1. Asp117 - would you say it is farther than 20 Å from His13 by Cα and modelled with pLDDT of 95 or more?
2. Could you check Arg61 against (1) over 16 Å from Gly86 (Cα atoms); (2) open to solvent by 50 Å² or more (accessible area, probe 1.4 Å); (3) not aromatic (Phe, Trp, Tyr) and say which number it fails?
3. Report, by residue number, each residue of the range 83-113 that is open to solvent by less than 80 Å² (accessible area, probe 1.4 Å) and in a loop (DSSP other than H, G, I, E, B).
4. Test Asp3 against the criterion of being over 24 Å from Ser94 (Cβ atoms), among the acidic types (Asp, Glu) and open to solvent by 30 Å² or more (accessible area, probe 1.4 Å), and give yes or no.
5. List the pairs whose first member sits in the range 36-63 and is at positive phi, whose second member is among the small types (Gly, Ala, Ser) and surrounded by fewer than 21 Cβ atoms within 10 Å (Cβ to Cβ), and whose Cβ atoms are under 8 Å apart, counting only residues at least 6 apart or on separate chains?
6. Kindly state which helices (runs of 4 or more DSSP H) lie completely within the range 1-82 and contain at least 2 residues that are within 14 Å of the chain's Cα centre (by Cα) and closer than 20 Å to Leu135 by Cβ.
7. I need every pair where a residue in the range 20-32 that is in contact (Cβ under 8 Å) with a residue 24 or more places away in the chain has its Cβ under 7 Å from the Cβ of a residue that is in a helix (DSSP H, G or I) and among the basic types (Lys, Arg), sequence separation at least 6 or different chains.
8. Within the range 114-124, take every residue that is open to solvent by 20 Å² or more (accessible area, probe 1.4 Å) and not charged (D, E, K, R) and give me the one that is nearest to the chain's Cα centre (by Cα).
Amino acid sequence: YYDNLCKYLADTHQVLPFAYDWRKSIRDAAAELGKAVGTVLKNTSLPVRFIAHSMGGLVVRRFIADHADLWDEICTRPGSRFVMLGTPNRGSYSMVESLLGAATTVRQLALLDLAHDLQRVVDIIGGFPGALELLPQKPLSQQGEDAAADWCTEEAWQTLKKANGNCAAV
């Protein structure tokens, strides 16, 4: 999907594409990224630049948190950068919509799946660690208050399910 960008950057950079499967845990992807970055750091003294789209930005942020030694080495190299493009840093409400079975794509998928109903499709999506890691965080202004939704409680999902009418919920 990013082939043209990779080709363009390859004129002036050594490009190492790093694909991420959104269904897997961000932490697992960050561990894989750590191995790749460790190899790059051993083989070159050039700056390291990350261009991360969407959840890729979350993977790099997790890499930074889990591999502080490698990140520190990157930061000592002049010209190193980390650019995030469309990264859902505080989560994504579209994942809430998906886990409620209200997202158009999830509903269409359920219509096409002759073996599973909407609830089962939602349950499958809810079983992916990457999907759950995309749930929104409480706004900074409400952290510590009970008023904001806590997506990790059964009570929150049951409340949403009742309000959601005929849609599914995790």
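The values are calculated or read from the model by the stated rules, or taken from the named source; none is laboratory data. This structure is a prediction, so every number in the text was calculated from the model and none was measured. In this analysis, Cβ positions are derived from the backbone assuming ideal geometry, glycine residues included, and neighbour counts consider all displayed protein chains. We work out accessible area using only protein heavy atoms, side chains counted, and drop any ligands, DNA or RNA first. Shrake-Rupley method; radii C 1.70, N 1.55, O 1.52, S 1.80 Å.
1. no
2. For Arg61, the failing item is (1).
3. Gly86, Thr87, Pro88, Asn89, Gly91, Ser92, Leu100, Gly101, Ala102, Ala103, Asp113
4. yes
5. What qualifies is Ser54/Gly86.
6. Correct list: 26-43, 55-66.
7. Taking only residues 6 or more apart or on different chains, the pairs are Ile26/Arg62; Arg27/Arg62; Ala30/Arg62.
8. Per the criteria, the residue is Ile124.
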